[in-house]
Amino acid sequence: MSAPRVAVVGGGISGLAAAHRLRRLLGPRAEITVVEQAERLGGKLRTAEVGGRAYDVGAEAFLHRRPEATGLITELGLADGLVHPTAARASVHAAGDTRPIPGHTLMGVPASVDAVREVLSHEGLRRVAAEPDLPPIRLDGADVSVGALLRERFGPEVGDRLVGPLLGGVYAGRTEVLGLRATMPQLARALDSGVGSLLAAAATAVPAPPRPGVARPPVFGTLRDGLSTVVDRLADAAEIRLGLPVRALVRREHGWRLEIGSAAAPAHLDVDGVVLAVPAPAARKLLADVAPAASRRYGEVELASMAVVALALPPGTELPERSGVLLAEDERAADGVPFTAKAFTFSSRKWAHLAGEPVLVRGSVGRHGEAHLVQRDDDELVAAVRHDLRELTGVTARPIDTAVTRWGGGLPQYGVGHLDLVRDIEDAVAALPGLAVAGATLHGVGIPACIATGDAAAARVATHVLGDVR
């Protein structure tokens, strides 16, 4: 039997997870090649040295309740480095005030009036209390924008002050663009089951409080030495080729051909199977000839650009007793200047392993339609984020070190009808033996969801390749 040959296009967490799973499925003789256009692996997983500390300047954590990330970390022998957040609570800045994010909500959608009593105005609370008396919600299988549904049922405040900041933190998106079924599937399922009230639907989806004396399991996790340790370990599964764009994907009688490198002097890589784990624009281009229906659907995905501004502040800098703060859209500082940041993470409060010296803070910049903010030069972006930090917390200390990391078009927007879009993509690709897709465009932007798409793509390609090479 000849050795299987597989290419993975894209060296982010989805592609590297796929390469790792392919190695497990195809064995040590398989030739697995990861081709990445950038000069580094990891995509949005990036650990940098900031103020002499290993600090994640991309994704900083993963959802611990999903099994994929924790399972992969254990499989890679990194479980000893797994850590969870402290008990510090997050907050939201809206309507000119900063308050703790209320409990008993589902991504900000209240499960009771009392849950949001400290965040909404008297009129906002009245609208929430009256929502169950409105005509029952009937989706009939359709999707709706989160913002439109919230505004219709609750008025403007729940979306503006709670759901908008929370979804903005996850997707860098806006509630008017994001679709309910892809971003809040639990809520959609409750409404599909016949629950006619948004308040009641949230109540059915919010996890029950733990029994007395029983600790609630941690929601998030990360690695003490940074998430790039996962990237480094996964890279051992394949031959890595960096700095090489894949220019074309060609179907051959037996397998696939990748055209890589420069247009003037292209090289070719012939393989039995391919996993495409690239952002939507690259997938659209590569699939244009071999899967035009999938290509068209990838072309419909809108993108948001974002940046992370990491600040190492002098020892002794006092941060609020919170894990961070999310900012509502269109908020302004007391001096009238619009806030640039959409969120701050007070990392030295949120993570025990980052407590001490220096004091670490990261500001996130960029929502859908705000690419111009991310395009500022480093000094201007740092100055704007420091202004926001001062206005929100009173911290004026000059950083001893900074790092600015950008992702242009880095976050796909899960718009209305996103699940139908993804089904069309996967159905079109499924007709092509030995080809599979993975990545944040599909079933979630978080690390566990990306790993899941990489695992699924690897299983599909391995099944084809093993049968074909025999």
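Kindly list the number of the only condition in (1) more than 13 Å from His84 (Cα to Cα); (2) crowded, with 18+ Cβ neighbours inside 10 Å; (3) of a type outside the set (Lys, Arg) that fails for Gly221.
All conditions pass for Gly221, except number (1).
Under 7 Å by Cβ, and 6 or more places apart or on different chains, what pairs join a residue from segment 313-337 that is at positive phi with one that is in a loop (DSSP other than H, G, I, E, B) and at pLDDT 95 or above?
Note: pairs meeting the criteria are Gly324/Phe346.
Just to be sure before I move on: is Gly164 touching a Ser or Thr at 6+ places or on another chain (Cβ under 6 Å) and in contact (Cβ under 8 Å) with a residue 60 or more places away in the chain in the structure I sent?
Working: touching a Ser or Thr at 6+ places or on another chain (Cβ under 6 Å): yes; in contact (Cβ under 8 Å) with a residue 60 or more places away in the chain: yes.
It is true that Gly164 is touching a Ser or Thr at 6+ places or on another chain (Cβ under 6 Å) and in contact (Cβ under 8 Å) with a residue 60 or more places away in the chain.
Select from segment 386-437 the residues that are part of a loop (DSSP other than H, G, I, E, B) and over 30 Å from Gly52 (Cβ atoms) and list them in ascending order. Outline the logic, then answer.
Pass one, segment 386-437, residues part of a loop (DSSP other than H, G, I, E, B): 394-400, 413-414, 416-417, 431-434.
Selection gives Gln413, Tyr414, Val416, Gly417, Ala431, Leu432, Pro433, Gly434.
Look at segment 82-115 and say how many of its residues are within 25 Å of Arg332 (Cα to Cα) and either among the aromatic types (Phe, Trp, Tyr) or part of a strand (DSSP E or B) (or both).
Pass one, segment 82-115, residues within 25 Å of Arg332 (Cα to Cα): 89-102, 107-109.
So of that shortlist, the ones also either among the aromatic types (Phe, Trp, Tyr) or part of a strand (DSSP E or B) (or both) come out as 90-94, 97-100, 109.
Total satisfying the criteria: 10.
Need a quick list: strands (runs of 3 or more DSSP E) entirely within segment 24-81 having at least 3 residues that are crowded, with 21+ Cβ neighbours inside 10 Å. Give the derivation first.
On the way: elements: 31-36, 47-50, 53-56.
The strands (runs of 3 or more DSSP E) meeting that bar are 31-36.
Test of understanding: among Gly394, Gly434, Gly409, Gly363, which residue is at pLDDT below 95 and either closer than 25 Å to Val445 by Cα or not acidic (Asp, Glu) (or both)? Please lay out each step first, then the result.
Numbers: Gly394 fails: at pLDDT below 95; Gly434 fails: at pLDDT below 95; Gly363 fails: at pLDDT below 95.
That would be Gly409, the only listed residue that is at pLDDT below 95 and either closer than 25 Å to Val445 by Cα or not acidic (Asp, Glu) (or both).
Among the listed residues Arg386, Arg423, Arg362, Arg406, identify the single one that is among the basic types (Lys, Arg), surrounded by fewer than 22 Cβ atoms within 10 Å (Cβ to Cβ) and touching a residue at least 12 places away in the same chain (Cβ under 8 Å).
Working: Arg386 fails: surrounded by fewer than 22 Cβ atoms within 10 Å (Cβ to Cβ); Arg423 fails: touching a residue at least 12 places away in the same chain (Cβ under 8 Å); Arg362 fails: surrounded by fewer than 22 Cβ atoms within 10 Å (Cβ to Cβ).
Among Arg386, Arg423, Arg362, Arg406, only Arg406 is among the basic types (Lys, Arg), surrounded by fewer than 22 Cβ atoms within 10 Å (Cβ to Cβ) and touching a residue at least 12 places away in the same chain (Cβ under 8 Å).
Condition first: in contact (Cβ under 8 Å) with a residue 12 or more places away in the chain, in a strand (DSSP E or B) and either under 17 Å from Gly96 (Cβ atoms) or in contact with a Leu (Cβ under 7 Å, 6 or more places away or on another chain) (or both). Now tell me which residues in segment 338-353 satisfy that.
As a first pass, look at segment 338-353 and keep what is in contact (Cβ under 8 Å) with a residue 12 or more places away in the chain: 339-353.
Among the residues that remain, those that are also in a strand (DSSP E or B) are: 341-345.
Correct list: Ala341, Lys342, Ala343, Phe344.
Give the residue, chosen from Ala215, Ala248, Ala307, that is among the small types (Gly, Ala, Ser) and in the same structural domain as Phe344 (by TED's automatic domain parsing).
On the way: Ala215 fails: in the same structural domain as Phe344 (by TED's automatic domain parsing); Ala248 fails: in the same structural domain as Phe344 (by TED's automatic domain parsing).
When all the criteria are applied, what remains is Ala307.
The values are calculated or read from the model by the stated rules, or taken from the named source; none is laboratory data. Values in this document were obtained by computation on a predicted structure and should not be read as measured data. Reconstructed Cβ throughout: ideal geometry from the backbone, glycine too, with neighbour counts over all protein chains shown.
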